[in-house]
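The structure appears below as structure tokens.
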Amino acid sequence: MGNFLDSHTSDLWCPVFLKGGKMKPKVIIILILLVLSLIFVIQNTTIVEVQLFFWKISMARIIMLSFLLLVGFIIGYLVAKFSEERKPAK
């Protein structure tokens, strides 16, 4: 008789983004975009001045790009979430 953990550990250790032992294409695309975004942000570390109407703010470009990427991901998530709610139930 086998050990209880032997038969159930594969379910416990399997990451959520794996489907049948393979990564979902959506997760692969997200990981690639995340790595490219990280490389882009790390390469842009100089100080820049941002002007919006009459405000002027000086900050590191890495902070500005990180903030804008975060805002973009949040907007994309919210648009996807609200567009799913509008679809009629089948």
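Read-outs: derived from the displayed coordinates by stated rules, not from any lab. Bear in mind that the values here come from a model prediction, so they are computed numbers and not experimental data. With ideal geometry, Cβ positions are generated from the backbone for all residues, glycine too; neighbour counts draw on all protein chains shown.
³J(HN,Hα) across the range 41-51 via Karplus (A = 6.51, B = -1.76, C = 1.60, θ = phi - 60°), whole Hz, x for Gly/Pro?
My calculation for the range 41-51 gives 5, 5, 7, 10, 10, 6, 7, 10, 10, 9, 10 Hz in order.
Using per-residue counts of other Cβ atoms within 10 Å, averaged over each peptide, order 58-67, 25-34, 74-83 from highest down.
Per-residue mean Cβ counts within 10 Å order the peptides as 58-67, 25-34, 74-83.
In percent, what relative contact order does the range 45-90 have, based on Cα pairs under 8 Å that are 6 or more apart in sequence?
24 percent
Which of Ala60, Gly76, Ile47 sits closest to the plus end of the dipole of the range 45-90, meaning its Cα is farthest towards the positive end, when Lys and Arg get +1 and Asp and Glu get -1 on the C-beta?
Gly76
Scan around Lys24 for amide H atoms under 5 Å from its own, H built in the peptide plane at 1.01 Å from N, and keep only partners 5 or more places away or cross-chain.
Amide H neighbours of Lys24: Lys19.
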